[in-house]
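In what follows, a single structure is set out as structure tokens and then discussed.
The values are calculated or read from the model by the stated rules, or taken from the named source; none is laboratory data. Note that the coordinates shown come from a computational prediction; the quantities given were computed from them, not determined experimentally. Backbone-built Cβ (ideal geometry, glycine too); neighbour counts: all protein chains shown.
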Amino acid sequence: MAKTSTISDFFIWWLDEIAQVTPQRQKRPSDAADVVLCAGGKHGFFPQTLHHCGQDDVLEISSPEELETAFVKLGRSKTRRVQIQLKPDRFVERSLADINLPVSKARLMAGVDVQTNTPFRNSDVDALILSSGVEPGCRYILIKKNELRSLIKSIKTAGLKLQDVVIEKTDGLHRLDRRGIRQLGGRSLLEKTNFALKSAVVVIFAAWLFTAFMAEQSRLRAAAADLSTRIAEVQKQARLAREQYDERLKLLEQMASIRDDKKLANSTVYVWDLLSRALPDDTWLSDLTIEDGSILVSGYSKSAATLIPLLESSEGFDDPEFKSSVVKAPGIDAERFTLSTEIAGSPNS
């Protein structure tokens, strides 16, 4: 019940806010009441005046029987709308707050206010909230129990439609909250049926929205799962491609190293062959170093001084020279030497 009241309060507040920001249209003749019933006198709701709009006749009603007779003369018609105007001496107006309150909260506060701050009892009076938007604040009126209820019942029994209930004040007419008026008069079978149909439409529409939302959420979840699967597959393929790329780089590095080693081996064989051809048989080598087109050799020879001319006359070497002094090798009939030379045709030569 509390949730229902809160939702109802929200819609009433929302409609009031919409009404405040939208231009107010002028009432058309069809929006006005067809019958105005001015109720109130010094001794109860009678005498009353019944004014049929569009006609000059004003009926003076002094009893409930005369009122029922007047309604019968109007004829049963749901399109004929009746407005009840309460005279100032038929109600007591009270203020609840300086701001507008939700209707359900205003009713609770009105009940407490009647019980604690007035000489009346809640069982003897009806507390009716005034519609917001006319004056700032939340106000309500007290009216004797069953007087307005019986009047509304007579209108419905006559087959007429109650448009609204207003109170007369010095500054004009003020409308009562429609929900409070419906509670006083109750709902007819047709109104209950219409309310049930509207409620069913709202429930069906809400169920459709919820179903559509859940279906959309399900599709989104399925799409997200499918996307995650595809991303995982692509990441797996990317890792595999990266591993293959790294393996290929390693293979290329190995091939380049093999080519360098092969090239070095070929150049070493080539240089060794040139030296074998250029050097005499009484000369043998102990060390051979090849670097950037230059060679450095160490060894023994019976006549080391003859090695430089031999290398100069050879077609494979340029600029031979000793890198250290030639010395007599101990224990053998030979000289120890170390020399360097450029390989003919190299960039450094």
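Does residue 135 qualify as being within 30 Å of residue 119 (Cβ to Cβ), out of contact with any Asp or Glu (no Cβ under 7 Å at 6 or more places or on another chain) and either in a strand (DSSP E or B) or modelled with pLDDT under 80 (or both)?
Considered against the rule, which asks whether it is within 30 Å of residue 119 (Cβ to Cβ), out of contact with any Asp or Glu (no Cβ under 7 Å at 6 or more places or on another chain) and either in a strand (DSSP E or B) or modelled with pLDDT under 80 (or both), residue 135 comes out as yes.
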Check your understanding: Using beta carbons and a limit of 6 Å, which pairs, at least six apart or on different chains, have the first residue in the stretch 229-258 and not β-branched (Val, Ile, Thr) and the second one not in a helix (DSSP H, G or I)?
Key -> none
Check your understanding: Got a sec? Which of 318, 282, 287, 273 is of a type in the set (Asp, Glu) and surrounded by fewer than 10 Cβ atoms within 10 Å (Cβ to Cβ)?
Key -> 287
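Of everything in the stretch 163-183, what is over 42 Å from the mean Cα position of the chain (by Cα) and surrounded by fewer than 16 Cβ atoms within 10 Å (Cβ to Cβ)? Give them in sequence order.
Once the filter is applied, which keeps residues that are over 42 Å from the mean Cα position of the chain (by Cα) and surrounded by fewer than 16 Cβ atoms within 10 Å (Cβ to Cβ), the stretch 163-183 yields 169, 170, 171, 172, 173.
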Check your understanding: Can you name the residue in the stretch 334-349 that is modelled with pLDDT of 85 or more and of a type outside the set (Ser, Thr, Tyr) and is also nearest to the chain's Cα centre (by Cα) among such residues?
Key -> 342
Review point. For residue 128, are the conditions met, namely being out of contact with any Cys (no Cβ under 6 Å at 6 or more places or on another chain), surrounded by 14 or more Cβ atoms within 10 Å (Cβ to Cβ) and not in a strand (DSSP E or B)?
Key: no
Point to revise | Filter pass, residue 106 being without any contact (Cβ under 8 Å) to a residue 60 or more places away in the chain and in a helix (DSSP H, G or I) | key: yes
**Study point:** Single condition residue 112 does not satisfy, out of (1) assigned to a helix (DSSP H, G or I); (2) β-branched (Val, Ile, Thr); (3) closer than 16 Å to residue 181 by Cα
**Key:** (3)
Review point. What are the pairs, 6+ residues apart or on separate chains, where a residue within the stretch 62-76 that is within 17 Å of residue 36 (Cβ to Cβ) has its Cβ under 9 Å from a residue that is polar (S, T, N, Q) and in a helix (DSSP H, G or I)?
Key: 67/154; 71/154; 71/157
Practice item. Would you point out which residue out of 93, 66, 60 is surrounded by 15 or more Cβ atoms within 10 Å (Cβ to Cβ), at pLDDT 75 or above, charged (D, E, K, R) and in contact with a strand residue (DSSP E or B) (Cβ under 9 Å, 6 or more places away or on another chain)? Key: 66
